[in-house]
Structures are given as structure tokens and as C-alpha cells.
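Here's the structure, in C-alpha cells; my notes come after.
The values are calculated or read from the model by the stated rules, or taken from the named source; none is laboratory data. All values derive from a computational prediction rather than experimental measurement. With ideal geometry, Cβ positions are generated from the backbone for all residues, glycine too; neighbour counts draw on all protein chains shown.
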Amino acid sequence: MAAPVLRWSCPARRWILANIDRGPRHGRGSPTGSRSSGKRGQSSVAQQPLATAQKPRKGEHQWAAVVGLEIHAQISSNSKLFSGSQVHFAAPPNSLVSFFDASLPGTLPVLNRRCVEAAVMTGLALNCHINKKSLFDRKHYFYADLPAGYQITQQRLPIAVKGSLAYSVFVGKNRNQVINKTVRIKQIQLEQDSGKSLHDDLRSQTLIDLNRAGVGLLEVVLEPDMSCGEEAATAVRELQLILQALGTSQANMADYEIQRQIEELENGGEILNETRSFDCKLGCTVPMRDKEGKQDYRFIPEPNLPPLLLYDSASLPAGADPQQVINIDQLREQLPELPRVTREKLVQQYGMLPEHSFTLLNEVGLLEFFQNVMKETRAEPKRVTSWVLNTFLGFLKQQNLAVSESPVTPSALAELLNLLDQKTISSAAAKKVFEELWRSGGKTPAQIVSEKRLELMQDQEALEELCQATMEKHPQVVMDLKKGNPRAINKLIGLVRKATLNRADPTVIKEMLERQLSS
Amino acid sequence: MLGRTLREVSVALKQGQITPTELCQECLSLIKKTKFLNAYITVSEEVALKQAEESEERYKKGHSLGELDGIPVAVKDNFSTTGIKTTCASNMLKGYVPPYNATVVQKLLDQGALLMGKTNLDEFAMGSGSTDGVFGPVKNPWSYSKQYREKKKQKPHGENEDTNWLITGGSSGGSAAAVSAFTCFAALGSDTGGSTRNPAALCGVVGLKPTYGLVSRHGLIPLVNSMDVPGILTRCVDDAATVLGVLAGHDCKDSTTVQDPVKSFILPSLTDVSKLCIGIPKEYLVPELSSEVQSLWSKAAKLFESEGAKVIEVSLPHTSYSIVCYHVLCTSEVASNMARFDGLEYGHRCDINVSTEAMYAATRREGFNDVVRGRILSGNFFLLKENYENYFIKAQKVRRLIANDFVNVFNSGVDVLLTPTTLSEAVPYVEFIKEDNRTRSAQGDIFTQAVNMAGLPAVSVPMALSNQGLPIGLQFIGRAFCDQQLLTVAKWFEKQVQFPIIQLQEIMGDCSSVFENDLASVSLKQ
């Protein structure tokens, strides 16, 4: 038992071993093992056998986490991987099922070009070697939502191999120190999704919905190069952003798995090698089906699909029908800007802090929102960044809304920031206007400013008078000031602002007060 | 009229000597008369008559769709047919009505063919006798032929005729019997290890297994996907070529069909065979080969030789491994293909509902016969992780060697190989069932299954009657995608041997009039 491997000095934390390797690993940070060829986990996280063998009691051991992931991302495609059925979320049950999806005898798979392109693009974006020849295999298990009794996948020769995914974690007190990390990609394979089983415990029935059966998935296998849940989560988030940028997947996924395993182990439980799926409603993962060693998937080459051949510009056969061939080089040219580059551009173009560029990209739609505000405002990028990341995002988070659900449009925020920039309103007033915009959509910032009389006092004479009057009313404060307490002026400024209903610029007030005092 | 070939009757239809409806009704009546053969599982009388009516309209307007318009055909019951039960002769699919047509069925219908019904087979096409289906065995029409009966009578101890009927061979025995007994002019079979050629030889008809990838498998309920090919059974080689011309070509629903455009399958009448090189594989001379078949085989070789063809002995050294290799590959794919029959989406479902697993087990236990279950069991054994390398991978490698044997022979200049199709003529059912299905299949496929491993085209052509008055067929094997060349040679051979027409007058009673049209009365203008 290679127990020493488990220990490393991180007294505050304990992680379970999470590793998709089933064999023992020989030292942290040097992932030598590869998954045994036959055994497949669909799960995002599995553990080392060592973890269960230890039977730790709470607080007794320290654990090193070794995280490898198999990520299943649904390919954005109008139709399924091997049939012409449409792909729609939340369609009526069993309304998107072709004869092939229902495994009617005699039906044959026909590969969807779009799914192949998505896999190639993803492979290219993840620095993979694209296999010009890849193969499909059948993976057998009996399950009610798997109509054919097997899933078509790419076990032996997947479409892309040996890539890498760069991601960044933030450390330090303010979490503003960037550490760049890389996780190796073992392979990317195309495979079919299964249907859904809906268990009706009351009537002890299981209902099957085959709408999802046969939808194309990209399985991205990350080598166990990550050492904690946070790293894994960050890597997955980065992958998600890449897939979304490519448009190859909506990439909606979550990972609650590591925490569950930690708790399980700390409670002295055993972790079985099982596939767990994430249940959004419960907010936890739930066991899918028994994946313990006894399961033998009896892989066999899929005889109804010839090898998938891809070409590059050099190997493209002359006179080939463009509809029938896929040119890797052509897809490479079509690759959009990847998140890493987008972030670098933000830092360069706007002088933004790196962590701000991450936040902008991490919220769906936030970058676009920011860019749209930038288009319409004269305000400084720094101010816009601050408003978008602090005020705007703060409001969204507080109300648990997505950017797309925001009641404040980019134009409205841009106009508001213009008012601020022109010193028509104060920062404090701007916050009020923003709150008002959020509450009562439809009104423009200018309307709100005028209705609520929030514009800065432009009448200098009136302001002078207010300053004079305030000083007269508070001789004690003036005295303090004259005695050499410079902070006393703040009290006066505050009093004047209060008298103006916060409509005066404090710097202007300060100037006036100082002038009057010295006169 | 029914005794004619497809092309002859097609001419008769065009010339108005008979209408599609009349032709259809004659076939239906004959199907009823020969019901005891058990050739058909389902007779689609209404469908056929409606199609005949439509065909008749087209002929009236002079818009016939082609040579198949109005021609009665039958389809093996492992091809999907819209609205018509497709059972695979299994309890598992009893009552299953597919919502779509197999591509080959659709192509026949698009040409105006009349679908008479679905023919009998071994359960899921697993067998070589057409004896192991849930609807019972198919009887060989030659059991009731004048030729066979006369020979029988000469024997001192007249056996009971009712129990002494002969098997058709299989697994497409229903299709072979249907064509042989004149109930249709062409029938679809399937051929995985010889399932079309074997019954064709035993029933005295032409059985064509086209090159793998030439004809779509979409809608053919699979046995072994990598070897299955829709087969064609007809009464003459030209008819097989005609049907192949309709069926061949790329199908976007079957990714294993070739994309190259298909050339014509019209066969020239060969007059000179002197440029041909015929290969005789020496490994096919096995001890089990009956002396009669062996002597006909030699006779055929001599026939080619005497007409100037080069006839040489060739070697296919890996032939003897074919049977065991096929066993591993076939059962492995069967195990996989049969996984879908779980009682959930279609077909048989048992009454047990304590758990999904229990339901699966009982459904499959009730749905499949012993042969199918046995193959599923062995296949799953071969695919186990610890066995995969030792069995499946090895068998695949042997398959490659077998395929290369053929490549080498054809590269050496051989145009066509000439072999027996079966070890002997048809045997009585009572004899046949003494052996188990596995042994019988191994024997039945001995000359045919290597061709499926290599994906080559092959055709069985009836040559002569045995001493017992039963048909014996020989097999021609061609180069991949040289189906036309293969059939051209077969056509020449067919013309030389003049295989006799089956004489079924006795059992068909008043139907015998249908055979009286002698072939010469039809002018064949080509």
C-alpha cells in the first residue's frame, strides 16, 4: 500500500484522492498512469482504491487530492450524432425520437458532420493531435434508457488525443496573484448520450424519455494533473469558456463531486467506483448506475460505421466532394478567438487587472455587456469596469439573475456613466439613479435625474450661500478647523452636502469652504 | 405464365398478354395451394392486389416503371416492411410491424414490383436449413417434384412421402422455395455465411450474394453487420442481374455502401470464354463432399476448359480456419446486435415486472430460441475483456488472411473461382435434424462463408439433377465489385447446362395449366 503518496503537508486541509486512474500512482505531480484500456468511467471523478482502503477516521489522515476528469459536453447541433432527429431542450417527452434512436431493428447510424466538426474544432482549440483516422466502438450495458443495449463511442482510436488545457488560479490574500497551470488532455471522443429514466416511485414505474438518446457528446478526458477541487473547477470553467467560444457546446455543467467524496471519506464511508450525475435541483451528484469492476462493457468495433477519415489541405483527395470530406486546416482557420486571448486583449486595451478580465469572461454575457457599455460611453474604461464588476454584477448576484435577465441595459448604464463623467451628477447620485433604473425599467437615467432632482447644483452663488450659512451655524467646527484639525472640514462638507440633498460635488464644496475660510 | 422468368413475364406484361392483376392473382392462388411448403410467414394479399391495380393503371397509360412493374416478388421476413409484420421467425418479434421499409424493399416497390409476402427463415437467419424458426420448417418444393418422386418410386422400400420431405437449406429457405415453386418471380434473401446461395442450390434456383457495400443493408435486421448482404433469388441469372440493377447503389442511410456510381448490370451473352481464367480452389475438395457434387464440379471445370477457358487449380490456404473464425465473429456481433431486444421499445415483453432486470431476462428467455441464446452467450464470452484479444482480435486477423487469400488468387490472373455451393443435394428433414444447428451450419456454410469474410460477390447456379432427381448448384466467386463479370460467366454456364424446370404438376392440380405456356411462345426482343 503506497500510503506515503497520500500525505503532503497542508495541515489546514484534507482532500480525498480523486483520480481516474484505477492503478496506483507513483508520486504526486508525475502522473504516469493511464487509464486501463477496457474500463471506462463516465463519471467526472473517481477515486483511487487507496482511498477506500484507508478507512480514515475524522482528522486522522491528511490526503492529497489527485483529480482527473472525464467531461461530457453536449455538442451544439441541430440534430443527433447518428440520426436526423432534432435536438431541443425541454421538448415534450419522446417527441424527438427517430427509428434509429429507438433502436428499431435494421436501422443504421449515419454520422452527423456538424458533430465531427465540433470535435475537430475543440481538439484544435485544446492543442490536440487530430487523428486523421478514428474509429467507433460499441460499449454494451443493459439500461432502460439505452435502447440498443450499447452506446456508440470511440474507445480504441478517438478523434483527438494528447492536448493541453491552460488555466489560471488566483492565490494570495486578495486572490490577485495569478498562477498559470496546465492540465494534459488525454483524448476527446465522440459518443452518444443516453435517454432519460424518470422513476415514479409512487406507482413503482420507470418512464423513459428518448429525446436525449443519441444526442452527440464530446467526452474530454483530462489527465489527473490537478491537485484540488478548486483547480479542477477552474480548469473545467476554462474548458467551458473555450467550448462556448467555439460554439461547439453550451457546456452547462457543474462539479459538486469532490466535496461529496471528501465528506463521505471523513464520515468513514467507502467510495465506490461509480458514475454520478449532477442533479441541478438537488444541488448534489447522485449515483447513476453501478460501475464497480464487475461490469464488463464487451467493447466491439461498430461494424456499421466505416473509419472516420479527416483530411488536411495537403492530403485532401483531388476532386473530393466538399460535402463528404472534412478539412482540418479549413476548420483551424475558422477558429474564433479563444478566452485566453480575449482576456489578454482586455488587459492590454483597457489596462484592466487580469483578475477583472477573468471575471468579465466567467459570467455568461458579461463581457458583451461591458463592451456594449464601452461603445456608448465616454467614461474611462476603469470606471466602466468598476461599475460593471462591482455595481452591476453585485446587483445581479444579489438577485440571482443572469446578465440576460438584467433590467438595466448597456445603453442605460452608458448614459448614466456619461452623466457621471460630465459631472452632471455625483457618484452618490449615480448609485441612486442606478438603483432606480434597476427598480423601474423603462425610464432613462436623464429622466430619473430630473424627476428626483439629482443633478449637481450648478448654481454657484446658491452653493456659496449654503457654505456661508453652514459655517455660521457651526462655529465650533470652524473653530476646530482653524485650530489646526484638517479633518474638521469633512464635517462641514458633509453638512453642506446634506443641505444640498447630496446634489453638490464634494470637491467643489471643499474648494468653496476653503476659499471662504481663508478670505 | 408463372413458369416464365422475370424478364419473360415482364415482356408479356408489356405486350398485354397478361395484366398485373391476373398475374398477381395467379401467384396468390399458387401461394395458397403450396401453403404446406411453409414458404411464407405472411402473405400480403391485399397489399399485392392494390399494387397490381396501380401497376395495371400504369400499363394502361403506357407509363410502366420498368422491368419490375407488376412483377410479383417475395421478401425474406428479416427485411423491414412498412405496415407488414416482420418477425425474423422469432417470438421476440411476433407481431412487430415496422414503420419503415428497408431500402431494398422500397427500391423494389418504387419500380412497381408487387409484394406477395414475407418468407420463412431460421430464427434471426441463424441456420442453414430453414428448420429453426418459430413458424416451423420450410419444405423443399423438389420433395414434390415429378423428377424426385419418380426416382423415389424406383426404390424398393417406398418410404412414407409425408414424413420424408426435404429441407430447403437456409436460412433464406422460404425465399428459395417461393421462387422455386413459382409463387413469385424473384425474392430477397439475406446472405451472411451462405444463406442465399445455400437454399438456392438446394431448391434449384439462382442465388446471388452481391459484393458487400454494393446493396444497402438499411432495414435488414442484422445477423452479422460486417458480413450481411441482401441476396437475390431468381429462376435465371439474367433475372438476378435485373434485380441487382434495381437494388445496387449508394444509400445515404447505410454508411457502408459504396459512393461510386453503379454501372449497368445488363449481361452480355458471352460466346467466347477463351480469355477467361477459372480458378479451382484445391482446399474446397473436402472429404465430406458428396461424390456426385464432386463429379459435377469436375464436369463444369472441363466444360470451361473444353470451350477454351484457362482452368487452373488455385490455393486458398486459410480456408480451413474459416468455420471457427466465422463462429467467433458471428456470435460476437450477434451478442451485440441482439442486445436491443429487451422488450421495452418493441416486440415481445414478458409479464414479469418485479424489476427491469428480471423483465429483461424473462423477455429474452421467452423471445429467443436456443440457437439464438447459445450464440448470444458465446458471443458475450468472446467479447469479455479477458477473452477479447484471444478470440475476437485473433478471428479478425484470420479473417484478414482469408480475405487476402482471395486477393492473391485474383491478383494472379484468375477471373472467377468455381466451387461447389453445398456438400450434397437437399437431405430429408428427418435426417437433417439429427445434428444440432451449430454442426449443421458449419457444414452447410463450408463453401460459402469465406466469401462473406472477404465481402466478395458470389452466385450459385443450378447445374443438374442428382441421381435422386434433386438439384445441385455450383458457386462462382468474383472479384469485389465485379458482380457484372461474375454474372456474365454464370449466365454463360447456365446456358450450357440447361438445368431442367421443376415439374410440380402433380401437387398443383388445376394450377398445372400455368406451366403449359412453353417458353418459346414469348418473343424476347432485347
If you go through B:Leu344, B:Leu384, the only one that is closer than 22 Å to A:Gln151 by Cα, surrounded by fewer than 17 Cβ atoms within 10 Å (Cβ to Cβ) and within 14 Å of chain A (Cβ to nearest Cβ) is B:Leu384
Here, helices (runs of 4 or more DSSP H) confined to segment A:444-501 with at least 3 residues that are among the β-branched types (Val, Ile, Thr) are A:488-499
Counting only residues that are touching a strand residue (DSSP E or B) at 6+ places or on another chain (Cβ under 8 Å), in a helix (DSSP H, G or I), surrounded by fewer than 23 Cβ atoms within 10 Å (Cβ to Cβ) and not acidic (Asp, Glu), segment A:206-235 contains a total of 2
Okay, strands (runs of 3 or more DSSP E) sitting entirely in segment A:62-158 with 3 or more residues that are in contact with an Asp or Glu (Cβ under 7 Å, 6 or more places away or on another chain) and at pLDDT below 95, I get A:67-74
Taking segment B:429-466 and the residues there that are part of a loop (DSSP other than H, G, I, E, B) and modelled with pLDDT of 95 or more, the one that is surrounded by the fewest Cβ atoms within 10 Å (Cβ to Cβ) would be B:Ser466
Query raised in the report: basic (Lys, Arg) and either in contact with a Leu (Cβ under 7 Å, 6 or more places away or on another chain) or at pLDDT 95 or above (or both), is that true of B:Lys491?
Result: yes
Residue check for B:Ser195: within 14 Å of chain A (Cβ to nearest Cβ), among the hydroxyl-bearing types (Ser, Thr, Tyr), touching a residue at least 12 places away in the same chain (Cβ under 8 Å) and touching a helix residue (DSSP H, G or I) at 6+ places or on another chain (Cβ under 9 Å) = no
In the set B:Ala301, B:Ala309, B:Ala358, the lone residue that is over 30 Å from B:Asn467 (Cβ atoms) and either surrounded by 19 or more Cβ atoms within 10 Å (Cβ to Cβ) or more than 10 Å from every other protein chain (Cβ to nearest Cβ) (or both) is B:Ala358
Quick count over segment A:67-82, residues being more than 10 Å from chain B (Cβ to nearest Cβ) and buried (at least 21 other Cβ atoms within 10 Å of the Cβ), is 9
Considering segment B:74-86, residues that are among the hydrophobic types (A, V, I, L, M, F, W, C) and crowded, with 24+ Cβ neighbours inside 10 Å, and then whichever is farthest from the other protein chains (Cβ to nearest Cβ), we arrive at B:Ala74
From the option list B:Lys146, B:Lys152, B:Lys139, single residue qualifying as touching a strand residue (DSSP E or B) at 6+ places or on another chain (Cβ under 9 Å), more than 14 Å from chain A (Cβ to nearest Cβ) and basic (Lys, Arg) is B:Lys139
In segment B:159-183, residues that are touching a residue at least 60 places away in the same chain (Cβ under 8 Å), assigned to a helix (DSSP H, G or I) and surrounded by fewer than 24 Cβ atoms within 10 Å (Cβ to Cβ) total 1
Go through the residues of segment B:80-101 one by one and say whether even a single one is of a type in the set (D, E, K, R) and either within 28 Å of B:Ile266 (Cα to Cα) or assigned to a helix (DSSP H, G or I) (or both).
no
message = If I filter segment B:230-250 for residues that are within 14 Å of chain A (Cβ to nearest Cβ) and surrounded by fewer than 24 Cβ atoms within 10 Å (Cβ to Cβ), do I get at least one hit?
response = yes
Residue set A:Leu198, A:Leu165; condition in contact with a strand residue (DSSP E or B) (Cβ under 6 Å, 6 or more places away or on another chain), within 14 Å of chain B (Cβ to nearest Cβ) and part of a strand (DSSP E or B); output residue A:Leu198
So is A:Ala462 surrounded by 11 or more Cβ atoms within 10 Å (Cβ to Cβ), touching a helix residue (DSSP H, G or I) at 6+ places or on another chain (Cβ under 6 Å) and either modelled with pLDDT under 85 or not hydroxyl-bearing (Ser, Thr, Tyr) (or both) or not?
no
When segment A:296-339 is checked residue by residue, the ones that are among the acidic types (Asp, Glu) and within 25 Å of B:Asp254 (Cβ to Cβ) are A:Glu302, A:Asp321
Residues of segment B:32-51 being under 30 Å from B:Tyr429 (Cβ atoms) and not in a strand (DSSP E or B), in sequence order, are B:Lys32, B:Lys33, B:Thr34, B:Lys35, B:Phe36, B:Leu37, B:Asn38, B:Ala39, B:Ser44, B:Glu45, B:Ala48
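Here's the yes/no breakdown for (1) crowded, with 17+ Cβ neighbours inside 10 Å; (2) of a type outside the set (Val, Ile, Thr); (3) not in a loop (DSSP other than H, G, I, E, B):
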residue: B:Val11; (1), (2), (3): yes, no, yes
residue: B:Gln17; (1), (2), (3): no, yes, no
residue: B:Thr21; (1), (2), (3): yes, no, yes
residue: B:Leu30; (1), (2), (3): yes, yes, yes
residue: B:Glu53; (1), (2), (3): no, yes, yes
residue: B:His63; (1), (2), (3): no, yes, no
residue: B:Gly70; (1), (2), (3): yes, yes, no
| said: Regarding segment B:264-282, can at least one residue be identified that is within 14 Å of chain A (Cβ to nearest Cβ), touching a strand residue (DSSP E or B) at 6+ places or on another chain (Cβ under 9 Å), buried (at least 17 other Cβ atoms within 10 Å of the Cβ) and hydrophobic (A, V, I, L, M, F, W, C)? | reply: no
Only unsatisfied item for B:Leu285, checking (1) more than 14 Å from chain A (Cβ to nearest Cβ); (2) modelled with pLDDT under 95; (3) over 21 Å from the mean Cα position of the chain (by Cα), is (2)
With the first residue restricted to segment A:354-383 and required to be surrounded by fewer than 17 Cβ atoms within 10 Å (Cβ to Cβ) and part of a helix (DSSP H, G or I), and the second required to be among the hydroxyl-bearing types (Ser, Thr, Tyr) and at pLDDT below 95, Cβ contacts under 7 Å at 6 or more apart or on different chains are A:Glu376/A:Ser411; A:Pro381/A:Tyr350
Scanning segment A:168-181 for residues that are without any contact (Cβ under 8 Å) to a residue 12 or more places away in the chain, assigned to a loop (DSSP other than H, G, I, E, B) and either among the small types (Gly, Ala, Ser) or surrounded by 11 or more Cβ atoms within 10 Å (Cβ to Cβ) (or both) gives A:Gly172
Next item on the list: Say whether the condition of being within 14 Å of chain B (Cβ to nearest Cβ) and within 33 Å of the chain's Cα centre (by Cα) is met by at least one residue in segment A:327-342.
Entry: no
Just one listed residue, out of B:Ala89, B:Ala125, B:Ala113, is more than 11 Å from chain A (Cβ to nearest Cβ), surrounded by 23 or more Cβ atoms within 10 Å (Cβ to Cβ), in contact (Cβ under 8 Å) with a residue 24 or more places away in the chain and more than 17 Å from the chain's Cα centre (by Cα), and it is B:Ala113
